[in-house]
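Notes for the one structure printed next.
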Ligand SMILES: Cc1cc2nc3c(=O)[nH]c(=O)nc-3n(C[C@H](O)[C@H](O)[C@H](O)COP(=O)(O)OP(=O)(O)OC[C@H]3O[C@@H](n4cnc5c(N)ncnc54)[C@H](O)[C@@H]3O)c2cc1C
Ligand code: FES
């Protein structure tokens, strides 16, 4: 059992969860993830480690409410416990001196890029942060990200910030303006990572993505997270989750993520009926 220290709604549909997990906090590195089970009857779901505090012994993730498990997680209270919280899992992101690194994040990826941006900044890289939100009130962790960024852009459909285009167009505009970018790191929904990878391809800028296939055990045993990268089979939980976005078989990933769509909808309807009866 792991104790919840904090659960807070950051913006509509996106929550932060801080869990007491001293051993995980000691070992966590940027780009790694945890697996959490919201209750005894629930499923195991992977969440990226968005921050950790070694002294307090805590690990923080930020999640978007999409289905049954994330709905359940959005209702857990501080001081309660979750039955499973394991990690850190996956290979850490590569933190090197690249030069200029552009980090592109959307939805939960805004938090997921934070520890990577911080570590790359500490390594002496110039950091350009580009965030994508549908509207200004969906932006969170702005101050944290600004603090580790040399340049900071927000693409918001309501034109509230610098630009309103969907993130790949803004990314291309930044590249075209002549900024020499040595590496792009994109984290968020699958479509965002796919389109960012497509946007950088013509410019030959290596683009790292954090793949989010369905996972079960998170230790390379079940095969649920199989992806194809550069024509080879990989298991995102142990070989990733970071991969070169230009080499990912995106069509296969989109298709495999939909495998349980009908069951997921049924599960959510069933859960809502039992928990919010009309
Ligand atoms: C390495 C990794 C890190 C992730 N980090 C985050 C994060 O920091 N924040 C966040 O909000 N989300 C993250 N995700 C996605 C998150 O795990 C899913 O949104 C979550 O499992 C959905 O569960 P659900 O029951 O609420 O929704 P469901 O109804 O089960 O599914 C809704 C959608 O989520 C996908 N999904 C379902 N089960 C899984 C699963 N076990 N693993 C991965 N995807 C699944 C499905 O393809 C579906 O499209 C990450 C996924 C991976 C693989
Ligand atoms: S989640 Fe089972 S092999 Fe990756």
- Within the bounds of segment 178-191, is there any residue that is at pLDDT 95 or above, out of contact with any helix residue (DSSP H, G or I) (no Cβ under 8 Å at 6 or more places or on another chain) and within 16 Å of ligand 2 (Cβ to nearest atom)? no
- Looking at segment 102-166, what helices (runs of 4 or more DSSP H) fall wholly within it and have at least 1 residues that are in contact with a strand residue (DSSP E or B) (Cβ under 9 Å, 6 or more places away or on another chain) and either under 20 Å from residue 190 (Cβ atoms) or modelled with pLDDT under 95 (or both)? 109-112, 114-122
- How many of the residues in segment 10-44 are in a strand (DSSP E or B), under 17 Å from the mean Cα position of the chain (by Cα) and within 22 Å of residue 264 (Cβ to Cβ)? 7
- Item | Enumeration of residues in segment 212-236 that are more than 7 Å from ligand 1 (Cβ to nearest atom) and either outside any loop (DSSP other than H, G, I, E, B) or in the same structural domain as residue 104 (by TED's automatic domain parsing) (or both) | 226, 227, 228, 229, 232, 233, 234, 235
- Message: Looking at segment 80-101 only, could you name the residues that are more than 15 Å from residue 34 (Cα to Cα), assigned to a strand (DSSP E or B) and in contact with a helix residue (DSSP H, G or I) (Cβ under 8 Å, 6 or more places away or on another chain)?
- Response: 101
- Task: Return the residue satisfying two criteria in turn: it lies in segment 45-64 and is crowded, with 18+ Cβ neighbours inside 10 Å and in a loop (DSSP other than H, G, I, E, B), and of such residues it is nearest to ligand 2 (Cβ to nearest atom).
- Result: 49
- Picked from segment 237-255 (must be within 16 Å of ligand 2 (Cβ to nearest atom) and in a loop (DSSP other than H, G, I, E, B)), the residue nearest to residue 187 (Cα to Cα) is 241
- Query: Going through segment 13-57 one residue at a time, which ones are away from ligand 1 (no atom under 14 Å from the Cβ) and modelled with pLDDT under 95?
  - Reply: 40
- Out of (1) away from ligand 1 (no atom under 16 Å from the Cβ); (2) buried (at least 16 other Cβ atoms within 10 Å of the Cβ); (3) modelled with pLDDT under 95; (4) part of a loop (DSSP other than H, G, I, E, B), what's the single condition that is false for residue 205? (3)
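The values are calculated or read from the model by the stated rules, or taken from the named source; none is laboratory data. Worth saying up front: this structure is predicted, and the values here are computed from it rather than measured. Virtual Cβ from ideal backbone geometry, glycine too; neighbours counted across all protein chains shown.
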